[in-house]
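Data first, discussion second: the structure below is written as structure tokens.
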């Protein structure tokens, strides 16, 4: 069993996330992708996140029609700061298959910050790290010791970000096609991101 682990704030989930997940799933022939919204992110201190219940609901709406995609609330249930290596180890301990291989999906921006991650060498040992391009963050600038141990995907640099989606929604502008229709409707109904 090959499972992709895709973590992030997903505030909100957008089509760029789904394109990346599908690309990794296809390119590495994964059985499934598990989206894991973060509870308390270690690298975004002071960032105000939308309530967990909303981020989780939007993710569930976004993936509900894709059989290989599912969502885990593991990190949302954690009252402490969420560290990726701890999440991976928790998943290893609760998964039914001893032969499950995890593919951890991260953007090139996160790869450049990897030296600051808790137990980053263990993460590279315990998962296959798959990196996708993010505009303005050149994978080639990462430490050579990491470049030897990661996989990359041939994907376009997607200019959609959760920050831009929030700004557009706050300004009352259309977010159609930026997020799945079900997510756009949820944002509208709940009045999320209004300033």
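Observations on the model:
- Annotation: the residues 86, 116, sorted from fewest to most other C-beta atoms within 10 Å of their own C-beta, follow the order 116, 86.
- Protection proxy ranking, peptides 5-14, 31-40, average beta carbon neighbours within 10 Å, highest first: 5-14, 31-40
- Prolate/oblate/rounded label for segment 2-159 (Cα gyration tensor, a/c 1.5): rounded
- Order of 146, 102 - criterion: other Cβ atoms within 10 Å of each residue's Cβ, fewest first: 146, 102
Only the coordinates and a few stated rules stand behind these numbers; no lab work does. Every value quoted in this text rests on a predicted model; they were computed, and no experiment measured them. Neighbour counts run over all protein chains shown; Cβ positions are idealised from the backbone, glycine included.
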